[in-house]
1. Could you tell me whether any residue of region 37-51 is part of a helix (DSSP H, G or I), hydroxyl-bearing (Ser, Thr, Tyr), farther than 23 Å from Leu122 by Cα and out of contact with any Leu (no Cβ under 8 Å at 6 or more places or on another chain)?
2. Part of a helix (DSSP H, G or I), modelled with pLDDT of 95 or more and loosely packed, with under 12 Cβ neighbours inside 10 Å, is that true of Ser139?
3. What residue, among those in region 72-85 that are over 9 Å from Asp34 (Cα atoms) and among the small types (Gly, Ala, Ser), is surrounded by the fewest Cβ atoms within 10 Å (Cβ to Cβ)?
4. Answer yes or no as to whether Phe63 is in a helix (DSSP H, G or I), of a type in the set (Phe, Trp, Tyr) and either free of Cβ contacts under 8 Å to residues at least 60 places away in the same chain or at positive phi (or both).
5. When only residues in region 109-120 that are of a type outside the set (Gly, Ala, Ser) and under 16 Å from Ile27 (Cβ atoms) count, which is surrounded by the fewest Cβ atoms within 10 Å (Cβ to Cβ)?
6. In region 90-111, how many are assigned to a loop (DSSP other than H, G, I, E, B) and either out of contact with any Phe, Trp or Tyr (no Cβ under 7 Å at 6 or more places or on another chain) or more than 12 Å from Trp11 (Cα to Cα) (or both)?
7. Scan region 72-96 residue by residue and report those that are at pLDDT below 95 and on the phi > 0 side of the Ramachandran plot.
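The values are calculated or read from the model by the stated rules, or taken from the named source; none is laboratory data. Note that this is a predicted model, so its numbers are computed, not measured. So basically every Cβ, Gly included, is an ideal-geometry build from the backbone, and we count neighbours across all protein chains shown.
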Amino acid sequence: MPLTLITEQHWDKITSTFSDAQSEIKIISPFITDKPAKLLCETLSQNPQVSCTIITRYYREDFIKGVSRAEALRDLIKSGANVYALKNLHTKLYLIDEETAFLGSANFTSGGLKLNHELTLLIDEEPLIFNDLSAYFNSLLSRISVQPESKIYLDKIEDEIENGSALPP
């Protein structure tokens, strides 16, 4: 089925698609926490040919509140993901290879994928829609990648963790 509405089991549907990835995973999510990040890190380590690019927020307040985890970003970067920061981000989009997309309300967090009431549209084998979503991702990435501070490097995130703004879960 090319279009499927997902109202539950977001975790199973999205993360199982990661393990099937052959070439790339692209994620836009304002918030990222440890468990989903660890699962993606495992996928990347088992499939080194898969590239991963993530656009997220990078606000110290988010780390202090625990809605996003600096340690999760650190682990993703160590696993080879390219992570970029964008202010005022609200989009939640997951693109896998050149055929599968998830568009909805679920952040890349345990709450978003397991606990909260979320709504997501799974788009599979719909090349025109996928191309538009991919163009949206690439447009955001093009706008922010020209700003040197938008790329989150390992030293920046480790400095954030060391300064105590990242609290234990």
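1. Looking through region 37-51, at least one residue is part of a helix (DSSP H, G or I), hydroxyl-bearing (Ser, Thr, Tyr), farther than 23 Å from Leu122 by Cα and out of contact with any Leu (no Cβ under 8 Å at 6 or more places or on another chain).
2. Spelling it out, Ser139 is indeed part of a helix (DSSP H, G or I), modelled with pLDDT of 95 or more and loosely packed, with under 12 Cβ neighbours inside 10 Å.
3. Taking the candidates together, the pick is Gly80.
4. When the stated conditions are applied, Phe63 does not pass them.
5. Glu118
6. 8
7. Asn88
Residue by residue, here is whether (1) touching a residue at least 40 places away in the same chain (Cβ under 8 Å); (2) among the aliphatic types (A, V, I, L, M); (3) more than 19 Å from Ser139 (Cα to Cα) holds:
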{"position": "Ala81", "(1), (2), (3)": "yes, yes, no"}
{"position": "Asn88", "(1), (2), (3)": "no, no, no"}
{"position": "Thr91", "(1), (2), (3)": "yes, no, no"}
{"position": "Ala101", "(1), (2), (3)": "no, yes, no"}
{"position": "Asn107", "(1), (2), (3)": "yes, no, yes"}
{"position": "Ser110", "(1), (2), (3)": "yes, no, yes"}
{"position": "Leu119", "(1), (2), (3)": "yes, yes, yes"}
